[in-house]
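Please treat every number below as a calculation from the coordinates, not as lab data. A quick note: this is a predicted structure, and the numbers were derived from the prediction, not measured. Cβ sites come from the backbone with ideal geometry, for glycine too, and all protein chains shown count toward neighbours.
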Amino acid sequence: MKKTTFIVIGYGHIGKRHADVIIQNPECQLLAIVDNNPVQRNKHLQSPLKEIPFFEDLASYFDSSFIKPDVACICLPNGLHAEFAIRLLNEGIHTLIEKPMCLTKTDGLKIISAAEKNNKKVFVVKQNRYSPPSLWMKEMIDSNKLGKLFMVQINCFWNRDERYYQPKTWRGSKDLDGGTLFTQFSHFVDIMYWVFGDIKNIQSRFYNFNHHELTEFEDSGIISFDFVKEGSGTLQYSTSIYDKNLESSMTIIGENGSFKIGGQYMNEITYCHIKNYEMQKLPETNLPNNYGSYQGSASNHQYVFENIISTLKGESSIATNAEDGLMVVDMIERMYWAEKN
């Protein structure tokens with residue numbers, strides 16, 4: 001059986017996660033890792049993956065005994081996603097882009113244009129779509145169990161402090177990080193879009209409570225909006241929570257009932273009362289990505305790679321495509337823009 005071949009570009013926390021998932025999947029082959037950080041190279045040489053070739057940049061990889069991979073995983077700082085995606089698509093390589101797809105709608109359109117020009121696919125990592133509570137919520141809304149939608153409240157209260165925002169790294173930089181909504185909470189904006197659709201009438205307020213010395217942007221925000229289809233919503237978020245994550249939750253209120261998905265990373269149904277509906281036990285949610293002093297979203301990357309394999313075989317379609325990735329970037333841009341206008 002021909003394996004789907006990959007390279008991983010960027011070997012930080014999330015790049016290592018990509019590499020591990022590729023190695024563990026018998027239908028995948030990891031051809032190379034690319035990262036210009038000598039610290040990461042040294043860590044790689046001490047790791048179980050030390051036999052995988054390691055290159056300091058794409059030029060070195062292309063100049064070597066170059067084998068074109070099927071897919072390039074872009075695990076770089078957010079502000080570099082578009083540049084590298086376009087370059088790789090122009091090389092005739094499918095791309096998997098970590099969230100967010102990019103930092104501006106303009107760059108997102110350029111990525112889509114490059115993909116269309118080269119007849120290549122763009123996959124975007126939105127692994128929270130695979131969590132059982134998220135899948136259950138989408139089914140409940142798609143099947144109209146709640147009837148008319150009234151309100152959606154999203155709370156994302158995480159810890160990101162000096163342990164995360166280390167000096168002389170890309171985190172906290174406006175150009176490379178982009179802001180809290182892009183780096184920490186774009187997954188939850190994606191779930192909101194995936195389930196409820198686009199938004200309008202956006203009003204935003206942003207605050208920097210205790211990250212003045214750590215970031216070039218806000219640590220907290222309160223955003224209200226209406227959905228284009230029906231209902232209204234709010235998004236409240238903060239990374240100024242002391243010591244550890246507090247919660248990520250969505251509360252949904254409709255004419256026939258209400259429910260809430262809660263937990264540290266939206267991993268459990270904490271309330272459900274719906275007319276003529278009996279709540280069923282859901283499969284367990286995977287644990288979050290654990291990075292030592294902080295945790296991220298649910299560790300569902302294996303499903304992302306399974307979707308890539310089946311899509312390239314022609315057995316399924318892309319679970320989260322470039323158009324979805326672009327919509328999330330566009331929504332976040334509009335949220336930030338709303339405070340200034």
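What does the extension gain come out to for Lys3 and Tyr303, with contour length at 0.36 nm per residue minus their alpha carbon separation? Mind showing how you got there, number by number?
Details: separation 300, 0.36 × 300 = 108.00 nm, distance 1.66 nm.
That pair, Lys3 and Tyr303, stretches by 106.3 nm at full extension.
Can you return the aspartates and glutamates within cross-link range of Lys260? Criterion is Cα-Cα under 14 Å, with same-chain partners fewer than 8 residues away left out.
Output for Lys260: Glu247, Glu268.
Using a Gaussian network model of the chain whose springs link C-alpha atoms within less than 10 Å, name the residue from Pro77, Pro53, Pro26 with the highest mean-square fluctuation.
Highest fluctuation of the listed residues: Pro26.
Using Cα pairs under 8 angstrom and six or more residues apart, how large is the relative contact order of the chain, in percent? Could the numbers behind the result be given before it?
Details: 681 pairs, mean separation 62.4, N = 341.
RCO, the chain: 18 percent.
Under a GNM of the chain (C-alpha, springs under 10 Å), which listed residue has the highest mean-square fluctuation: Asp142, Asp324, Asp226?
Of Asp142, Asp324, Asp226, the Gaussian network model singles out Asp142 as fluctuating most.
Please give the calculated 222 nm ellipticity per residue for the chain, where each DSSP H segment of at least 4 residues contributes -39500 (n - 2.57) and the sum is spread over every residue; nearest 500 deg cm²/dmol? Spell out each step's value before the answer.
On the way: 10 runs with 107 residues, N = 341.
Roughly -9500 deg cm²/dmol at 222 nm, from the helical runs in the chain.
Separation of region 321-339 and region 29-79 by C-alpha centroid, Å?
30
Please report the relative contact order for region 104-230, taking Cα pairs under 8 Å with a sequence separation of at least 6, and give it as a percent rounded to a whole number.
Working: 107 pairs, mean separation 29.7, N = 127.
Worked out over region 104-230, it gives 23 percent.
If I build a Gaussian network model for the chain, linking alpha-carbon pairs within less than 10 angstrom, which residue out of Val189, Val228, Val125 has the largest mean-square fluctuation?
Highest fluctuation among the options: Val228.
Pairs Lys117/Lys174; Lys121/Lys168; Lys126/Lys168: which are spaced more than 32 Å apart, C-alpha to C-alpha?
On the way: Lys117/Lys174 30 Å; Lys121/Lys168 34 Å; Lys126/Lys168 28 Å.
In this structure, Lys121/Lys168 lie more than 32 Å apart at Cα.
At 0.36 nm per residue, minus the direct Cα-Cα distance, what do Asn144 and Lys200 gain on full extension? Give it in nm, one decimal, please. Mind dumping the intermediate values first?
Numbers: separation 56, 0.36 × 56 = 20.16 nm, distance 2.18 nm.
Difference between extended and current length: 18.0 nm.
Answer rounded, prolate or oblate for region 109-191, using the Cα gyration tensor with square roots of eigenvalues a ≥ b ≥ c: rounded when a/c is under 1.5, else prolate when a/b is larger than b/c, else oblate. Could you put the intermediate results ahead of the total?
Working: a/c = 2.64, a/b = 1.24, b/c = 2.13.
The shape class here is oblate.
Work out which helices of the chain, taken as complete DSSP H runs, extend at least 18 Å along their axis over the Cα atoms and score a mean Kyte-Doolittle of -1.0 or more, then list them.
Working: long enough: 105-118 (20 Å, -0.55); 322-340 (27 Å, -0.13).
For the chain, where a helix must reach 18 Å along its axis and average at least -1.0, the hits are 105-118, 322-340.
Rounded to the nearest 20 debye, what is the charge dipole size of region 227-341 about its Cα centre when +1 sits on each Lys and Arg Cβ and -1 on each Asp and Glu Cβ? Display every interim value, and only then the final one.
Numbers: 8 positive and 14 negative charges, 29 e Å.
Rounded to the nearest 20 debye, it is 140 debye.
I want the antiparallel fraction of DSSP beta bridges within the chain, as a percent rounded to 5.
Working: 37 of 63 bridges.
Counting DSSP beta bridges with both partners in the chain, the antiparallel share is about 60 percent.
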